[in-house]
1. Does Glu72 fit the bill of being over 25 Å from Tyr201 (Cβ atoms), more than 15 Å from ligand 2 (Cβ to nearest atom) and either modelled with pLDDT of 95 or more or of a type in the set (Lys, Arg) (or both)?
2. For the stretch 25-36, name all the residues that are out of contact with any Leu (no Cβ under 8 Å at 6 or more places or on another chain) and closer than 29 Å to Thr69 by Cα.
3. Filter the stretch 191-236 down to residues that are assigned to a loop (DSSP other than H, G, I, E, B) and among the charged types (D, E, K, R) and give me whichever is nearest to ligand 2 (Cβ to nearest atom).
4. Take the residues in the stretch 1-25 that are crowded, with 22+ Cβ neighbours inside 10 Å and charged (D, E, K, R), then tell me which one is farthest from Cys101 (Cα to Cα).
5. Answer yes if at least one residue in the stretch 26-38 is crowded, with 16+ Cβ neighbours inside 10 Å, farther than 23 Å from Met220 by Cβ and more than 16 Å from ligand 2 (Cβ to nearest atom), and no otherwise.
6. Report, ordered by the first and then the second residue, all pairs with beta carbons closer than 7 Å, sequence separation of six or more or different chains, a first member in the stretch 36-48 that is farther than 21 Å from Gly11 by Cα and in a loop (DSSP other than H, G, I, E, B), and a second member that is open to solvent by less than 10 Å² (accessible area, probe 1.4 Å) and away from ligand 2 (no atom under 11 Å from the Cβ).
7. Where in the stretch 81-186 are there helices (runs of 4 or more DSSP H), lying fully within it, with 2 or more residues that are more than 30 Å from Ser70 (Cα to Cα) and within 16 Å of ligand 2 (Cβ to nearest atom)?
8. If Asp130 meets every condition in (1) farther than 17 Å from Asp33 by Cβ; (2) without any contact (Cβ under 8 Å) to a residue 60 or more places away in the chain; (3) surrounded by fewer than 22 Cβ atoms within 10 Å (Cβ to Cβ) apart from one, which number is that one?
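The values are calculated or read from the model by the stated rules, or taken from the named source; none is laboratory data. These figures come from a predicted structure and were not determined experimentally. Please note: Cβ atoms are built from the backbone with ideal geometry, for glycine as well, and neighbour counts cover all protein chains shown. Ligands, DNA and RNA are stripped out before the accessible areas are found, and what is left, the full protein with its side chains, is counted by its heavy atoms. Shrake-Rupley method; radii C 1.70, N 1.55, O 1.52, S 1.80 Å.
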Amino acid sequence: MTKAILICHRGLSRQAPENTLAALEAALAAGADVIEFDIRTSRDGILYVIHDETVDRTTDGRGRVADMTSAELDGLDAGSWFGAAFAGERIPRLSVFLDACKGRIGTYAEIKAADPARVRDMLAARGMLDRAWSFSFDEGIRAQMRARVPDLRRMVLFQHTGSVERAVAAGAHILEFNETNVTPERVAQAHAAGLVTQLFYAGAEEAVFERALSCGVQQMNIDEPDVLRAVEARLMLPVS
Ligand code: G3P
Ligand code: CA
């Protein structure tokens, strides 16, 4: 069994404030192959790396990202909520975040609210398309991705497609399962169809990691890399 591709969900968000340069550095230190992050657009059209629709949970500010200017967003503290050691951490502009990722880690850019063509162009301008892919929970953005930026690889969720066939028909490159819908049969079917398989799991139950790895899932979009590596080590031990 080969080691799974490690994707740190919002960066290493258990050890550093999510979706920040600190979470990126922590993910790199943990040996992540890819970083998952979220993209939204400010009122004056600047792309930022932030998950929630508002800045309330992850900064010292209040309000919707879409209603705030880049000057307002740039001035917020996106680290103190997580810990005093991260005071002064900023909401990264996507341009700054991608510059920090370039040549160091793959990127899974989840588009919450942004023009996918702009995301694709920023990745392409940095020579990063070959190690990037994107997804959006917004059906309209997914349609735009497929129609306007076909060279940005696309991921779909099994919980949306309901079958491997429909994932293939959607023109996906990557099919992401969760801990309730991953099965050996579906993973094998996805591989036979040429899809890369992935699990999204934000928990720490070893049994979930073991089941996904035993199914042959290739990429793990997770919050607990230490648990993944411990389970892999146990599964790779020769049977004594
Ligand atoms: O691949 C799914 C993952 O990106 C979900 O992320 O934004 O719900 O934490 P989120
Ligand atoms: Ca996300």
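1. On the way: over 25 Å from Tyr201 (Cβ atoms): yes; more than 15 Å from ligand 2 (Cβ to nearest atom): yes; either modelled with pLDDT of 95 or more or of a type in the set (Lys, Arg) (or both): yes.
Yes: the conditions hold for Glu72.
2. Here is the first cut: in the stretch 25-36, the residues out of contact with any Leu (no Cβ under 8 Å at 6 or more places or on another chain) are 25, 28, 36.
Scanning the stretch 25-36 gives Glu25, Glu36.
3. As a first pass, look at the stretch 191-236 and keep what is assigned to a loop (DSSP other than H, G, I, E, B): 193-195, 202-205, 216-218, 223-224.
With the extra rule that they be among the charged types (D, E, K, R), the set shrinks to 205, 223-224.
Working: Glu205: 20, Asp223: 11, Glu224: 16 Å.
Filtering the stretch 191-236 for residues that are assigned to a loop (DSSP other than H, G, I, E, B) and among the charged types (D, E, K, R), the one nearest to ligand 2 (Cβ to nearest atom) comes out as Asp223.
4. Restricting to residues being crowded, with 22+ Cβ neighbours inside 10 Å and charged (D, E, K, R), the top hit is Glu18.
5. Going through the stretch 26-38, the residues crowded, with 16+ Cβ neighbours inside 10 Å turn out to be 26-28, 30, 32-38.
Adding the requirement that they be farther than 23 Å from Met220 by Cβ leaves none.
The answer is no, given that none of the residues of the stretch 26-38 is crowded, with 16+ Cβ neighbours inside 10 Å, farther than 23 Å from Met220 by Cβ and more than 16 Å from ligand 2 (Cβ to nearest atom).
6. Short answer, once both residue conditions are applied: Ser42/Tyr48; Ser42/Val65; Ser42/Leu73.
7. Values: elements: 94-101, 116-125, 139-148, 158-161, 164-169.
Passing ranges, in order: 158-161.
8. (1)
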